[in-house]
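Here's the structure we're looking at; comments come further down.
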Amino acid sequence: MSWLPFAAATTKVHLTSQTRIVAAVIAVFFMLMILELIRRDRLQERYSVIWFVAGLGMLAGAAFPGLLELVADLMGVRNTNVALFSIVLLLLLGLALNFSVIMSRQAAQITRLAQERALEKAREQAAERSGNGTSGKQALEPEEKRL
Amino acid sequence: MRTLVFIPAWNEEASLAAVVADVRTHLAGADILVVDDGSTDATTARARECGVLVATLPFNQGLGAALQTGYLHALREGYDCCAHLDADGQHPAAEVARLLAEVEADHADLVIGSRYRDPEAAAESDDYRPTFSRRIGTSVFRFFLTLATRQRFTDTTSGMRAANRRVMSLFSENYSPDFAEIESLQLAVREGLRVEEVPVRMLERAGGSSFLTPLRSAFFIFKGVVVLLVGQFRPRQHAEVKR
């Protein structure tokens, strides 16, 4: 990687075999855990894809350290461990943001659900009040008639 | 012209009955809907005792969600115009009637009741005295909202408004849950709707207490400014062409 001007000049720190083995074991356990969560209906498939990809990435990093070193060089980082940490941090940041987006969507859905329920109850109340529906249908005209 | 007056209420059992009675007196032709925003007191029971329709949200979700419930109801049930006022007794129904008249005459799509618009009237009557933190918040929001909309607004957080069907269809789909008052004005102006302020008389609150402590006020103001900034970059929905 000597064609990269900044990173190549000084001594590089690589992952040790021990680190790689530990990482591979953790990655395998991680993916097994995700499979188990899906199997027991604790995690929906659509939210599991991203975690599975993360697990595979971890495994790939452990199996082919050259990949990580390439990335470290591209980032201009001498220490492969630092590159690894940065990548993982960025990934987690992205995931957290992703969850905020999902949460916002669900909050909006919950709000609408509550509103629908409240209005439904109000309509029930109006129907009760007007008895058989012949008098006092103040708020009960169907929308189609008006629009 | 079918008119709906809705009253968002959160723990307002003390003042609600008087507000409903006031609306009945001054807006005899209008239907009334109380939106109980997950109150923990007897707000819903009081409203039912008054014989008005009540939409009770199952849990507290903030003023924005409560107001949106009202707009949604007005839209779906085919009302020609709607108005809302606070449940704490600050807003005289006679003033709401004036706002509604503006909408009915088609002078504007959305009419805001402003307690600051008419400085002479404000000085004359001692009815409404804002607190210090509210005064700061008011001027900050006034400045930023005027900047964002290029239209002069004096009472940006006023909860006394009247609207037509254009506004109903816009607000029932796009309404900020935490920043109801200010963002909705920005939204309406951005969407090309005619927004107008009418000077009104407001009273001291009859019951309940304001949620604004100084620290909360500061946070409220900060959040409001951020929301306004972000709102400037939202995609437009072209509500002015929908009716």
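The values are calculated or read from the model by the stated rules, or taken from the named source; none is laboratory data. Bear in mind that the values here come from a model prediction, so they are computed numbers and not experimental data. Neighbour counts run over all protein chains shown; Cβ positions are idealised from the backbone, glycine included.
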Which condition from (1) more than 7 Å from every other protein chain (Cβ to nearest Cβ); (2) modelled with pLDDT of 90 or more is the one that A:Glu144 breaks? (2)
Condition broken by B:Asn11, with the remaining ones in (1) away from chain A (no Cβ under 12 Å); (2) on the phi > 0 side of the Ramachandran plot; (3) without any contact (Cβ under 8 Å) to a residue 40 or more places away in the chain satisfied: (3)
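Here's the yes/no breakdown for (1) outside any helix (DSSP H, G or I); (2) in contact with a Leu (Cβ under 8 Å, 6 or more places away or on another chain):
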site	(1), (2)
B:Gly29	yes, no
B:Val35	yes, yes
B:Gly38	yes, yes
B:Ala45	no, no
B:Gln61	yes, no
B:Ala65	no, yes
B:Gly70	no, yes
Residue within the range A:35-55 that is acidic (Asp, Glu) and in a loop (DSSP other than H, G, I, E, B) present: yes
If we scan the range B:75-98, do we find a residue that is among the aromatic types (Phe, Trp, Tyr) and farther than 22 Å from B:Ser176 by Cβ? yes
Restricting to the range B:63-86, name every residue that is facing chain A (nearest Cβ under 7 Å) and touching an Asp or Glu at 6+ places or on another chain (Cβ under 6 Å). B:Arg76, B:Gly78
Identify all residues within the range A:41-57 that are at pLDDT below 85 and aliphatic (A, V, I, L, M); write none if there are none. A:Ile50
Say we look at the range A:105-119 and pick out the residues that are more than 26 Å from the chain's Cα centre (by Cα) and facing chain B (nearest Cβ under 8 Å); which of these is surrounded by the fewest Cβ atoms within 10 Å (Cβ to Cβ)? A:Arg117
If I filter the range B:145-155 for residues that are surrounded by fewer than 16 Cβ atoms within 10 Å (Cβ to Cβ), at pLDDT below 85, assigned to a loop (DSSP other than H, G, I, E, B) and out of contact with any Pro (no Cβ under 7 Å at 6 or more places or on another chain), do I get at least one hit? no
If you take the residues of the range A:29-79 that are closer than 29 Å to A:Val101 by Cα and of a type in the set (Asp, Glu), which of them is surrounded by the most Cβ atoms within 10 Å (Cβ to Cβ)? A:Glu36
Within the range B:92-99, is even one residue within 20 Å of B:Ser184 (Cβ to Cβ), in a loop (DSSP other than H, G, I, E, B) and among the charged types (D, E, K, R)? no
Test A:Ala27 against the criterion of being touching a helix residue (DSSP H, G or I) at 6+ places or on another chain (Cβ under 6 Å) and in contact (Cβ under 8 Å) with a residue 40 or more places away in the chain, and give yes or no. no
Can you tell me which residue within the range B:21-35, out of those that are at the interface with chain A (Cβ under 8 Å from one of its Cβ atoms) and closer than 16 Å to B:Gly159 by Cα, is surrounded by the fewest Cβ atoms within 10 Å (Cβ to Cβ)? B:Leu33
I'd like to verify a number: residues in the range B:1-18 that are β-branched (Val, Ile, Thr) and out of contact with any His (no Cβ under 8 Å at 6 or more places or on another chain), how many? 1
So, in the range B:41-62, how many residues would count as being more than 14 Å from chain A (Cβ to nearest Cβ) and at pLDDT 95 or above? 0
Which of the residues belonging to the range A:80-98 are aromatic (Phe, Trp, Tyr) and surrounded by fewer than 12 Cβ atoms within 10 Å (Cβ to Cβ)? none
